[in-house]
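Take a look at the structure below.
Any read-out appearing in this document is the output of simple, stated calculations on the displayed coordinates, not a laboratory observation. These numbers come from a predicted model, not from an experiment. So basically every Cβ, Gly included, is an ideal-geometry build from the backbone, and we count neighbours across all protein chains shown.
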């Protein structure tokens with residue numbers, strides 16, 4: 001059963017903006033002891049840096065953190081009296097966690113025409129300015145969109161451990177998050193696409209729609225491997241002392 005903290009939202013006659021943070025992964029590639037999203041970076045669990053950025057954006061009405069049913073995080077001191085919702089409905093894949101989280105938002109009072117910004121818990125260097133940039137670009141868009149970066153490097157296709165081709169990079173982008181779509185449209189797209197899709201844009205694209213690409217930042221990388229923790233730590237410490 002999904003359990004949500006009891007937070008009263010202000011009524012609104014216009015579409016609201018929700019943030020959804022899937023946080024049920026194990027982070028096996030990071031080589032850390034336990035889920036990477038809870039590893040301490042710059043003095044607090046990584047996911048708390050992510051949540052803090054969304055908390056500083058007034059246009060985000062509420063943020064939902066989706067954790068696995070057996071996750072102890074909702075009982076920790078970091079989550080106590082937190083200004084965000086927690087839903088223990090995470091699944092074995094990202095798509096499942098997001099799908100379940102969207103349904104939890106509907107149960108909480110979200111509407112199908114509301115916007116939802118889905119963001120990786122491990123992209124802890126996201127800034128309020130970048131979130132606002134996405135909102136500015138997509139609030140009046142028919143489809144929605146995502147933060148992304150034009151591919152800066154030469155792109156190689158591999159066969160085994162050998163190069164089989166060099167691909168043109170002129171029209172290639174690196175997808176980031178947040179990815180922002182109407183809640184109802186995203187729910188339908190994920191239901192049709194299944195749990196194999198690795199991001200929300202892919203599901204929307206499968207419906208024949210073309211999400212908007214909004215230039216992001218190279219610092220908005222996903223902490224994935226062991227060396228990424230040191231880089232994220234350095235960036236966060238530098239920001240705190242700037």
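Below, the figures for the structure above:
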{"item": "Gyration tensor over alpha-carbon atoms, region 17-241, equivalent ellipsoid semi-axes in Å", "result": "25, 23, 18"}
{"item": "MRE, 222 nm, helices only [DSSP H, n ≥ 4, -39500 (n - 2.57), over the chain, to nearest 500]", "result": "-9000 deg cm²/dmol"}
{"item": "Added length on full extension, which subtracts the Cα-Cα distance from 0.36 nm per residue, residue 212 to residue 242", "result": "7.6 nm"}
{"item": "Length added when fully stretched, residue 75-residue 129, from 0.36 nm per residue minus Cα-Cα", "result": "16.4 nm"}
{"item": "Residue order, fewest to most surrounding Cβ atoms within 10 angstrom, among 164, 92", "result": "164, 92"}
{"item": "Mean Cβ count within 10 Å, highest first, over the residues of peptides 114-127, 47-60", "result": "114-127, 47-60"}
{"item": "DSSP beta bridges in region 136-242 [antiparallel fraction, %, rounded to 5]", "result": "75"}
